[in-house]
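*Asks:* The structure under discussion is supplied below as structure tokens; questions concerning it will follow.
The values are calculated or read from the model by the stated rules, or taken from the named source; none is laboratory data. Small disclaimer: the values here were computed from a predicted structure and weren't measured. Here the Cβ positions follow ideal geometry from the backbone for every residue, glycine too, while neighbour counts run over all protein chains shown. Surface areas here come from the heavy atoms of the whole protein model, side chains and all, with no ligands, DNA or RNA. Shrake-Rupley method; radii C 1.70, N 1.55, O 1.52, S 1.80 Å.
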Amino acid sequence: MNKRNKVKHLNREKGHRDALINNMITSLFKYERIESTQAKLKVVRSHAEKIITRAKRNLATDIAPAVALHNKREVLKRVKDRNIVTKLFEDIAVRYAAVNGGYTRILKKINRASDNSEVGILELTNRKDRSALIKEIKDKREAISDAKKEKAAAPAPAKKEKAPKKEAAPKAKAVKKSAAPKKAVKKAAPKKKK
């Protein structure tokens with residue numbers, strides 16, 4: 001019987017399992033579609049839907065700044081990339097503002113040939129098509145490269161002149177303390193010839 005065992009272990013230890021789930025959630029929000037085994041997708045789906053719901057809480061107009069910050073920090077526990085968190089709060093949460101749940105869907109595929117595993121696709125129900133995502137990524141890269149070029153072209157700030165070095169004051173000679181007598185080293189006796 002499997003009573004009260006709600007955690008799907010996925011044949012992994014806790015640290016490995018958490019890293020796997022975090023990486024898959026991050027990829028889901030980045031590409032809006034991932035492919036894996038059915039067991040993994042079902043676990044990731046539950047976590048991803050809770051994260052989207054938390055991101056939607058920040059859309060309220062009367063939310064306190066401390067609560068908004070708390071929501072972002074809670075999401076950052078799972079999604080480690082700050083750019084993806086920004087996309088989640090500013091783009092994905094806005095798309096699902098009028099929907100209560102059902103943000104993702106799992107599509108079944110033919111079993112994998114090598115090990116006959118049940119494979120599927122997890123995707124956002126209201127996702128952008130591939131060409132729109134690629135265009136967004138290119139625009140962001142161009143904006144970053146333009147910013148770098150502007151920064152490089154800007155004149156460097158004037159360096160402060162270094163103050164001249166002060167001459168070192170002559171050191172007072174230290175008084176030699178009487179050292180303890182050194183131990184006498186025994187010399188080896190010459191070998192006798194036979």
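*Asks:* Quick check on the stretch 153-169. Is at least one of its residues outside any loop (DSSP other than H, G, I, E, B), surrounded by fewer than 10 Cβ atoms within 10 Å (Cβ to Cβ) and modelled with pLDDT of 70 or more? Full working, then the answer.
*Replies:* Step one: list which residues in the stretch 153-169 are outside any loop (DSSP other than H, G, I, E, B), which gives 153.
Okay, now just the ones that are also surrounded by fewer than 10 Cβ atoms within 10 Å (Cβ to Cβ), so 153.
Keeping just the survivors that are modelled with pLDDT of 70 or more gives 153.
Checking the stretch 153-169: at least one residue is outside any loop (DSSP other than H, G, I, E, B), surrounded by fewer than 10 Cβ atoms within 10 Å (Cβ to Cβ) and modelled with pLDDT of 70 or more.
*Asks:* Which of the following residues is touching a helix residue (DSSP H, G or I) at 6+ places or on another chain (Cβ under 6 Å), surrounded by fewer than 18 Cβ atoms within 10 Å (Cβ to Cβ), more than 21 Å from LYS128 (Cα to Cα) and at pLDDT below 95: LYS30, LYS8?
*Replies:* It is LYS8.
*Asks:* Could you tell me which residue of the stretch 66-83 is most open to solvent (accessible area, probe 1.4 Å), considering only residues that are assigned to a helix (DSSP H, G or I) and modelled with pLDDT under 95?
*Replies:* ARG82
*Asks:* Would you point out which residue out of SER117, SER131 is without any contact (Cβ under 8 Å) to a residue 12 or more places away in the chain and either assigned to a strand (DSSP E or B) or of a type outside the set (Lys, Arg) (or both)?
*Replies:* Values: SER117 fails: without any contact (Cβ under 8 Å) to a residue 12 or more places away in the chain.
None of the other options fit; the residue is SER131.
*Asks:* Out of all the residues in the stretch 120-145, which are open to solvent by 80 Å² or more (accessible area, probe 1.4 Å) and out of contact with any Lys or Arg (no Cβ under 8 Å at 6 or more places or on another chain)?
*Replies:* ASP129, ARG130, LYS135, LYS138, LYS140, ARG141, GLU142, ILE144
*Asks:* Do we find that ALA55 is open to solvent by less than 60 Å² (accessible area, probe 1.4 Å), within 21 Å of LYS8 (Cα to Cα) and touching a helix residue (DSSP H, G or I) at 6+ places or on another chain (Cβ under 6 Å) in this structure?
*Replies:* Judged against the criteria, ALA55 is not a match.
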